[in-house]
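Only one structure is covered here, and it is reproduced in the block below.
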Amino acid sequence: MFRLTHTPTLAVAWLSMVLCFGASPADAQQAMTGEVGTELTYFPRDAGQSPQDHHTRFAAHAAPELYLDAWDGRLYTLVAPFVRVDERDGRRSHTDLREALVGVRGDDYWELRAGFVRSFWGVTESKHLVNAINQTDLVENPDGEDFLGQPAVQLGLSHPDLGLLDVYGMAGFRERTFPGARGRLRFPAVIDDDARYQSEHRRAQPELALRYSHSFLGIDLGLHYFYGNQRDPILLLDTSAVPMGGAPVFVPYYRVIHQAGLDAQLQLGDFLLKLEALARAGKGFDLGEEARTVAATTGFEYTLVGVFDSAIDLGLLLEYSYDDRDFLAPGFLDDDVFGGMRLAFNDEASTTVLAGAATDVHEGSTFVNLEASRRLGDSLTLELEARAFAYAPVGTPSHALRRDAYVQTTLLTYF
Amino acid sequence: MNRQTLETIPANPSTAPRRRRARRLRGLAVAALALSLPLWPRPGAAAPDAATRGKEIAVERDRRDDGYGDSAASLKMVLHNRHGQTSERALRVKNLEVNDDGDKLLIVFDRPRDVQGTAFLSHTHVRSADDQWLFLPALRRIKRIASNNKSGPFMGSEFAYEDLASQEVDKYRYRYLRDDRQDGQDAYVIEAIPTDPGSGYRRQLQWIDKRHYRLLRVDFYDRGNRKLKTLQNSRFEKYLGRYWRPLSMRMVNHQTGKRTELFWADYRFRKGLSESDFTQGALRRAR
């Protein structure tokens, strides 16, 4: 149940750093912030596969964050552990170090950090294609917007006219988290705990990533290169395993890839035009010859300010995603169109609503999504999420998930 | 797991003007004034006079705020609804005057706690659309946001982004109306009509004190020309021997009965901030 799989030697390093911060005038109360959430999920339909047996699921999580610095912010430490406890699925209960690092900043132009880091690359909403550094914490939420910490040494070089260059050296791969047999929102398969690797170093495979980004003339441009274990696993059917409750067992296989890509965003009047594209080279799907594949996500966001003579802003989103790989892993849809609408009420409670749908162009599976959030009082936020497969033809991975439509409400407390 | 609450956002809570353009306009205003001298004083002296005089006052106010370099301050906002309930916002603002272009601005949000750590970066431009980015701490993501949202409320308050943005002289047509007394001071009253079609206002009435050219009060009229809000600035303090800043701002919405009070504190000027404090790298680091 305790799934912090990486030995936090760096955690020990930062701990000793923290003890050296005796001289720092950091205010003890302000140094620690974070959130605690309680979540209730309701699945209206019967589960499709045993041993899934529940309609309701209660879970809670805590994500505190500790920040301390000295010498006017030139030396700092940041620790952000995470713990999730789930009533139904032992594999969904897990802990992580989202961040645990020591950083040093030299003047305005460079910064070096070491430890568990979090980085986000990308501009599109429906898919985060180029976000290469952090592994997806898929068991948290199937939308793939939660990420595990990544051990790395990161050097950032920044100049106002030249842009930003980040270089990452990593060794300490994180495996993707998947629901357990009892968990809902999983494929008609159980994903084995024991992953396989192309690299003989397995998780200790040395990895390198670079990203250059710059903004000019209303354009944000990012170029990146990545070498290492691909974060998306290939799922291999394990024919030797005993099926659990009739469900086949799949083993995640992590291959080593070279990847290069770009992300770009352009502001044009009320439109934000977006593009993420990449090419990757790695073992083909028979795990034999090298294969090169490309993927791209592109679209726009159009903002209407103050609709219906009110203070409400309406954002319209449309994105198209293309990925020329065959069906690999829990990426539901591979040639998709996503359309969505975001309402920001601009009220005191910062109420927002996001409604969207995504369709796989070839398969026809359609997924609908509704999210809303609102602040209650000063430190409490209420979130709502409702998702379902509106159409999931037999023979597609979505077909099994059509029974896992859910409504989820989360109450978050911030401190 | 923190779904973002500050997705579409803000404009320009900067109060600093464009330096070079202001100087050019001042020259123009003076020339126009000189050319119109033979027409004074004529009874029923008409619109061109009032327009020139109005612009001259606006330009002078702009000029007096020039050259501060960079500044930083803390801001507390208190929102009052119709029923007397209040909620608070707290944020820290950094400002940089830029040669030949608009100002740069970095805001870090402290309260409410669900947006704590969110940061906003704005590069305003004189000749093109502003560039604005938001840093969302839950994902460690920098997101560009559309900068067309000037008339929307800032953090749910009665201040629109355009109210807090730097008052560019060019963005309005002016007309001098009369002299008046406001807050115990002699003041000019000028009418400012926004030329930006994205503005939420048809016109504004501005009270500018004669002695220091500080903006004392503004009446805002909505697009239907109905009186919408009144802003009152008070508790002015002088920094670096010449720059006046109000420590209190009060915006009352006459149509909804709500009001917002702004309290500025910890003003610091010329801290040595530079462009590298207003890059996306700096946005990512902001705390």
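The values are calculated or read from the model by the stated rules, or taken from the named source; none is laboratory data. Predicted model only: the values in this text are computed from it and were never measured. Every residue, glycine as well, gets a Cβ built from its backbone with ideal geometry; the counts of neighbours run over all protein chains shown. Accessible surface is based on the protein model in full, side chains and every heavy atom, while ligands, DNA and RNA are left aside. Shrake-Rupley method; radii C 1.70, N 1.55, O 1.52, S 1.80 Å.
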- [ ] For B:G200, indicate whether it is at negative phi, out of contact with any Cys (no Cβ under 9 Å at 6 or more places or on another chain) and in contact (Cβ under 8 Å) with a residue 40 or more places away in the chain.
- [x] yes
Open item on the list: Just to be sure before I move on: is A:L354 closer than 28 Å to A:L268 by Cβ, at pLDDT 90 or above and more than 10 Å from chain B (Cβ to nearest Cβ) in the structure I sent?
Closed with: no
- [ ] Kindly check whether there is at least one residue in the stretch A:102-125 that is under 21 Å from A:V167 (Cβ atoms), touching a Phe, Trp or Tyr at 6+ places or on another chain (Cβ under 7 Å) and aliphatic (A, V, I, L, M).
- [x] yes
- [ ] Kindly indicate whether A:A349 is open to solvent by less than 30 Å² (accessible area, probe 1.4 Å) and at negative phi.
- [x] yes
Open item on the list: Can you tell me which residue is farthest from A:D69 (Cα to Cα) among those in the stretch B:250-287 that are of a type in the set (A, V, I, L, M) and within 22 Å of the chain's Cα centre (by Cα)?
Closed with: B:V252
Open item on the list: Which condition from (1) within 25 Å of B:V78 (Cα to Cα); (2) more than 8 Å from chain A (Cβ to nearest Cβ) is the one that B:N149 breaks?
Closed with: (2)
TODO: Pull up the stretch A:190-219, narrow it to residues that are over 22 Å from the mean Cα position of the chain (by Cα) and hydrophobic (A, V, I, L, M, F, W, C), then point me to the one that is most open to solvent (accessible area, probe 1.4 Å).
DONE: A:L217
Open item on the list: Restricting to the stretch A:138-161, count the residues that are more than 9 Å from chain B (Cβ to nearest Cβ) and at pLDDT below 95.
Closed with: 5
- [ ] Out of the residues in the stretch B:110-128 that are touching a helix residue (DSSP H, G or I) at 6+ places or on another chain (Cβ under 9 Å) and away from every other protein chain (no Cβ under 11 Å), state the one that is most open to solvent (accessible area, probe 1.4 Å).
- [x] B:V126
TODO: May I ask you to list the residues in the stretch B:262-287 that are open to solvent by 40 Å² or more (accessible area, probe 1.4 Å) and away from chain A (no Cβ under 11 Å)?
DONE: B:F263, B:A265, B:D266, B:R268, B:R270, B:K271
TODO: Name, by its number, the condition in (1) assigned to a strand (DSSP E or B); (2) farther than 30 Å from B:Q85 by Cβ; (3) more than 20 Å from the chain's Cα centre (by Cα) that does not hold for B:L106.
DONE: (3)
Open item on the list: Just the residues that are within 17 Å of A:H201 (Cα to Cα) and surrounded by fewer than 21 Cβ atoms within 10 Å (Cβ to Cβ), please, taken from the stretch A:150-169.
Closed with: A:G169
Open item on the list: Every residue in the stretch B:236-261 that is open to solvent by 30 Å² or more (accessible area, probe 1.4 Å), touching a Phe, Trp or Tyr at 6+ places or on another chain (Cβ under 9 Å) and of a type outside the set (D, E), please.
Closed with: B:F236, B:K238, B:Y239, B:L240, B:R242, B:W244
TODO: Could you check B:D209 against (1) closer than 16 Å to B:L164 by Cα; (2) more than 15 Å from the chain's Cα centre (by Cα); (3) surrounded by 21 or more Cβ atoms within 10 Å (Cβ to Cβ) and say which number it fails?
DONE: (1)
- [ ] Within the stretch B:243-261, identify whether any single residue is more than 14 Å from chain A (Cβ to nearest Cβ), touching a His at 6+ places or on another chain (Cβ under 8 Å) and under 13 Å from B:Y68 (Cβ atoms), and answer yes or no.
- [x] yes
Open item on the list: Looking at the stretch A:109-135, I want the residues that are under 17 Å from A:A260 (Cβ atoms) and open to solvent by 20 Å² or more (accessible area, probe 1.4 Å) and have a partner that is modelled with pLDDT under 95 and in a strand (DSSP E or B) with Cβ atoms under 6 Å, at least 6 apart or on another chain. Which pairs are those?
Closed with: A:L129/A:A295
TODO: Specify which of the listed residues (A:T95, A:T77, A:T38) is touching a residue at least 12 places away in the same chain (Cβ under 8 Å) and open to solvent by 40 Å² or more (accessible area, probe 1.4 Å).
DONE: A:T38
Open item on the list: Which residue is surrounded by the fewest Cβ atoms within 10 Å (Cβ to Cβ), if the candidates are limited to the stretch A:98-108 and must be touching a residue at least 60 places away in the same chain (Cβ under 8 Å) and more than 14 Å from A:Y168 (Cβ to Cβ)?
Closed with: A:V102
- [ ] Could you please give the count of residues in the stretch A:265-295 that are open to solvent by 20 Å² or more (accessible area, probe 1.4 Å), touching a Leu at 6+ places or on another chain (Cβ under 7 Å) and touching a residue at least 60 places away in the same chain (Cβ under 8 Å)?
- [x] 1
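Residue by residue, here is whether (1) touching a Lys or Arg at 6+ places or on another chain (Cβ under 9 Å); (2) closer than 20 Å to B:E97 by Cα; (3) of a type outside the set (S, T, N, Q) holds:
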residue: B:P246; (1), (2), (3): yes, yes, yes
residue: B:M249; (1), (2), (3): no, no, yes
residue: B:V252; (1), (2), (3): yes, no, yes
residue: B:Q255; (1), (2), (3): yes, no, no
residue: B:L262; (1), (2), (3): yes, no, yes
residue: B:Y267; (1), (2), (3): yes, yes, yes
residue: B:K271; (1), (2), (3): yes, yes, yes
residue: B:S276; (1), (2), (3): no, yes, no
residue: B:L283; (1), (2), (3): no, yes, yes
Open item on the list: Pull out all pairs, ordered by first then second residue, where Cβ-Cβ is under 7 Å, the residues are six or more apart or on different chains, the first lies in the stretch A:388-415 and is more than 14 Å from every other protein chain (Cβ to nearest Cβ), and the second is of a type in the set (D, E) and open to solvent by 20 Å² or more (accessible area, probe 1.4 Å).
Closed with: A:P393/A:E363; A:T396/A:E363; A:R403/A:D46
- [ ] Name the strands (runs of 3 or more DSSP E) wholly inside the stretch B:128-247 in which the number of residues that are in contact with an Asp or Glu (Cβ under 6 Å, 6 or more places away or on another chain) and of a type in the set (A, V, I, L, M) is 1 or more.
- [x] B:172-182, B:185-194, B:201-209, B:215-222, B:227-239
Task: Qualifying residues in the stretch B:94-109 (those that are charged (D, E, K, R) and closer than 16 Å to A:F216 by Cβ) - the one nearest to the other protein chains (Cβ to nearest Cβ) - done: B:K104
Task: Residue tally, condition touching a Phe, Trp or Tyr at 6+ places or on another chain (Cβ under 6 Å) and facing another protein chain (nearest Cβ under 8 Å), over the stretch B:133-146 - done: 5
